[in-house]
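Before any comments, here is the structure.
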């Protein structure tokens, strides 16, 4: 009884919840017309005028009103339920898509890093290696040489490498994609050729010898097109390029000996350092002496014997240094 009165009171004040509205409708459907009349009379606000006894038509009107309000509430509930159902389905989809897209973006970012990432190949002390680039070009590298490139700058449209050291390049022919070697102070542009280059940072000059094809050299001060059997010398200080013809020039890479043609003793020792561990030191007054000949790459004792006999020197050995001194 008390529950029905509370429901009718809330019905008058418009404070029924959807669940309470359903409960009131159930209660009204179980009541007779007289019972409805009694509850309405007890629950009516004092401010309302007295009502006559409720008629069957009035009771039916009340039932219909409750039904309409419940239908309206249920309609909204069904809308909310549909929204919730759709959300329950779509939210996991959105989450999945976000994860998938996030993974793909992460992968794309990873791919871009790989593409932009620099590939570096180095040869160690006493090590001569053969490197094959993505386009099939081959580079025979002397000890302590380095080549760098990235897939973003070395592809089917452009082929750019950074170089330091001594090497022989056999460049795959591709007229649509020029091959450019960057050394830091001059560039070598080729389409398909065989050439050797010797450039080491810190040295005063570099050399490029063309065996086949054609290359273009460009430095800060000058540029030139090199023909086969010509050797170019490039100054790291001025950028000046000088050219001379040498018919029988051949790189030492791949052979068992080092060949020297009128070079200083200091240059000879610097070259030996690439093939043997440790430092080499000669008397300061002997450093500018000239040397022409060959030295073995795989026998340090023999190489030093040749040098000491040529200059009247002796060898003082230590753990990390080979020191040449004047014979007493």
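The values are calculated or read from the model by the stated rules, or taken from the named source; none is laboratory data. These figures come from a predicted structure and were not determined experimentally. A quick note on method: Cβ atoms are made from the backbone with ideal geometry, for glycine too, and the neighbour counts reach across all protein chains shown.
Residue by residue through region 279-296, note down the ones that are part of a loop (DSSP other than H, G, I, E, B) and within 18 Å of residue 321 (Cα to Cα). Walk me through how you get there before you give the answer.
Filtering region 279-296 down to residues part of a loop (DSSP other than H, G, I, E, B) leaves 282-283, 287-289.
Of everything in region 279-296, those that are part of a loop (DSSP other than H, G, I, E, B) and within 18 Å of residue 321 (Cα to Cα) turn out to be 282, 283, 287.
For region 207-223, does any single residue satisfy the condition of being assigned to a strand (DSSP E or B) and closer than 27 Å to residue 299 by Cα? Working first, answer last.
So in region 207-223, the residues assigned to a strand (DSSP E or B) come out as 207-212, 215-219, 223.
Right, trim to closer than 27 Å to residue 299 by Cα and you get 207.
Among the residues of region 207-223, at least one is assigned to a strand (DSSP E or B) and closer than 27 Å to residue 299 by Cα, which makes the answer yes.
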- Message: Here is a check on your reading of the model: is residue 166 in a strand (DSSP E or B) and over 16 Å from residue 179 (Cα atoms)?
- Response: yes
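Of all residues in region 128-139, which are touching a strand residue (DSSP E or B) at 6+ places or on another chain (Cβ under 8 Å), part of a loop (DSSP other than H, G, I, E, B) and loosely packed, with under 15 Cβ neighbours inside 10 Å? Talk me through it step by step, then tell me what you get.
Taking region 128-139 first, the residues touching a strand residue (DSSP E or B) at 6+ places or on another chain (Cβ under 8 Å) are 128-135, 137-139.
Subsequent filtering for residues that are part of a loop (DSSP other than H, G, I, E, B) retains 128, 133-135, 137.
Residue satisfying the conditions is 134 alone.
Within the bounds of region 300-317, is there any residue that is under 15 Å from residue 125 (Cα atoms) and either touching a helix residue (DSSP H, G or I) at 6+ places or on another chain (Cβ under 7 Å) or not assigned by TED's automatic domain parsing to the domain that holds residue 123 (or both)? Steps first, please.
Quick first cut of region 300-317, residues under 15 Å from residue 125 (Cα atoms) only: 300.
Applying the additional criterion that residues be either touching a helix residue (DSSP H, G or I) at 6+ places or on another chain (Cβ under 7 Å) or not assigned by TED's automatic domain parsing to the domain that holds residue 123 (or both) yields 300.
Within region 300-317, one or more residues are under 15 Å from residue 125 (Cα atoms) and either touching a helix residue (DSSP H, G or I) at 6+ places or on another chain (Cβ under 7 Å) or not assigned by TED's automatic domain parsing to the domain that holds residue 123 (or both).
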- Message: If I ask for residues that are over 53 Å from the mean Cα position of the chain (by Cα) and loosely packed, with under 11 Cβ neighbours inside 10 Å, which ones from region 298-328 would you list?
- Response: 309, 312, 327, 328
- Note on the structure: Within region 279-290, the residues that are crowded, with 19+ Cβ neighbours inside 10 Å and closer than 21 Å to residue 142 by Cα are 280
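Looking at residue 221, is it at pLDDT below 90, assigned by TED's automatic domain parsing to the domain that holds residue 160, surrounded by fewer than 16 Cβ atoms within 10 Å (Cβ to Cβ) and more than 21 Å from residue 321 (Cβ to Cβ)?
yes
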- Task: Would you mind telling me which numbered condition in (1) part of a strand (DSSP E or B); (2) under 22 Å from residue 135 (Cβ atoms) residue 192 fails?
- Result: (1)
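This table checks each residue for (1) modelled with pLDDT of 90 or more; (2) surrounded by 22 or more Cβ atoms within 10 Å (Cβ to Cβ).
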residue: 141; (1), (2): yes, yes
residue: 152; (1), (2): no, no
residue: 157; (1), (2): no, no
residue: 167; (1), (2): yes, yes
residue: 172; (1), (2): yes, no
residue: 179; (1), (2): yes, yes
residue: 182; (1), (2): yes, no
residue: 187; (1), (2): yes, no
residue: 204; (1), (2): no, no
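Inside region 150-162, can you point out the residues that are closer than 12 Å to residue 179 by Cα and in contact with a strand residue (DSSP E or B) (Cβ under 7 Å, 6 or more places away or on another chain)? Give the steps one after another, and end with the answer.
In the first step, residues of region 150-162 are kept if they are closer than 12 Å to residue 179 by Cα; the result is 153-162.
Those that are closer than 12 Å to residue 179 by Cα and in contact with a strand residue (DSSP E or B) (Cβ under 7 Å, 6 or more places away or on another chain): 153, 154, 159, 160, 161, 162.
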- Task: Kindly indicate whether residue 232 is under 30 Å from residue 126 (Cβ atoms), assigned by TED's automatic domain parsing to the domain that holds residue 169 and in contact (Cβ under 8 Å) with a residue 12 or more places away in the chain.
- Result: yes
- Message: Consider region 232-278. How many of its residues are surrounded by fewer than 17 Cβ atoms within 10 Å (Cβ to Cβ) and outside any helix (DSSP H, G or I)?
- Response: 25
